[in-house]
Every structure is written in structure tokens, then in C-alpha cells.
Amino acid sequence: MDSEEKLRQDAMSMFLKKKSISNISANLSRNRQWAYKWISRYENNPSLDWYKNESTAPKVQLKRLPIDIEQSIVEAKSVFLPILIHRMG
């Protein structure tokens with residue numbers, strides 16, 4: 001466990017002991033938004049790993065175009081892009 005995770009657990013421990021958010025944030029050298037974030041995370045999911053970082057990756061991966069359509073687009077761009085650039089320039 002890294003030190004940041006330990007701070008999160010300490011914040012929750014202090015909160016459960018009825019310490020104020022201002023007191024928690026001052027004692028841990030964090031701002032009140034940080035304390036509210038982790039208290040909220042605990043209250044919404046009091047599982048064993050609430051204090052761990054969550055992935056910032058998208059939950060749903062966008063579907064890719066079929067490879068033949070993708071290839072057609074690439075080919076069309078290679079044909080028409082020079083023409084458009086020539087007309088604009």
C-alpha cells in the first residue's frame with residue numbers, strides 16, 4: 001500500500017471518529033474537497049478496496065469500423081486530400 005492510500009484510510013478513520021472535515025484536511029495536509037471525495041467513495045462503496053485509485057480508462061470501448069471500410073476511408077483521403085489542398089492553396 002502506498003502512502004496516498006494510507007492517507008485515505010486515515011481520513012476515513014478520523015471521519016468515523018466524528019472529526020470535522022476541516023480538521024481531517026488540516027491534519028493530513030489535504031484540501032476539504034479531497035476529504036469529501038474519499039468519504040463519498042467510502043460511503044458509496046464500503047468494500048475492502050474503496051481507497052484504491054480507479055481506472056480513468058473509458059468504461060466502454062468504442063467499436064471500430066470494419067477494416068475494409070477503414071481502408072476505403074484511408075484510400076479516399078489519400079486521393080482527395082491533395083486535390084482539396086491544391087484548390088485551397
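Counting only helices (runs of 4 or more DSSP H) wholly contained in the chain, the ones carrying 2 or more residues that are under 17 Å from the mean Cα position of the chain (by Cα) occupy 3-16, 32-44.
For the stretch 47-63, check the following and say yes or no: at least one residue is β-branched (Val, Ile, Thr) and in contact with a helix residue (DSSP H, G or I) (Cβ under 9 Å, 6 or more places away or on another chain). Within the stretch 47-63, none of the residues are β-branched (Val, Ile, Thr) and in contact with a helix residue (DSSP H, G or I) (Cβ under 9 Å, 6 or more places away or on another chain).
Kindly indicate whether residue 33 is out of contact with any Lys or Arg (no Cβ under 9 Å at 6 or more places or on another chain), among the polar types (S, T, N, Q) and surrounded by 11 or more Cβ atoms within 10 Å (Cβ to Cβ). Answer is no for this residue. Sub-9 Å Cβ pairs linking a first residue in the stretch 45-67 that is farther than 30 Å from residue 15 by Cβ to a second residue that is surrounded by 10 or more Cβ atoms within 10 Å (Cβ to Cβ), at least 6 apart or interchain, are 64/70; 65/73, ordered by first then second residue.
Quick note: the coordinates plus some simple rules give every number you see, no bench work behind them. Model, not experiment: these values are computed from the prediction. Neighbour counts are summed over all protein chains in view; Cβ atoms, including those assigned to glycine, are modelled from backbone coordinates with ideal geometry.
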